[in-house]
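A quick write-up on the structure given underneath.
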């Protein structure tokens, strides 16, 4: 199913990207399933942040926001 929401929205000088939280099966032990969650970050944001694959990131919850920073 495709969404009518644009992949990105340019508001003034800020570029806002749509990202989605994905739930993935991590492992199954007996009848118990364990999930992990993945947020896919658009390559343009990774380039703008000058992040590289494999870098360690730190996450912190501030109010109702998830803040992710390079270590």
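Just so it is clear, none of the values below were taken in a lab; they were calculated from the coordinates. Quantities reported herein were computed from a predicted structural model and do not represent experimental measurements. All Cβ positions, even for glycine, are placed from backbone atoms using ideal geometry, and neighbour counts span all protein chains on display.
So if we plug the beta-carbon distance of residue 20 and residue 55 into 1/(1 + (r/R0)^6) with R0 = 25 Å, what FRET efficiency do we get, rounded to 0.05? Please report the intermediate quantities before stating the final value.
Working: r = 22 Å, r/R0 = 0.87.
Plugging the Cβ-Cβ distance into 1/(1 + (r/R0)^6) gives 0.70.
Normalising by the residue count of the stretch 8-70, find the relative contact order in percent from Cα pairs under 8 Å and 6+ residues apart.
19 percent.
Once you have the Kirkwood Rh of the stretch 8-70 from its Cα pairs, apply Stokes-Einstein at 37 °C and 0.692 mPa s and quote D in µm²/s.
Roughly 228 µm²/s, to the nearest whole number.
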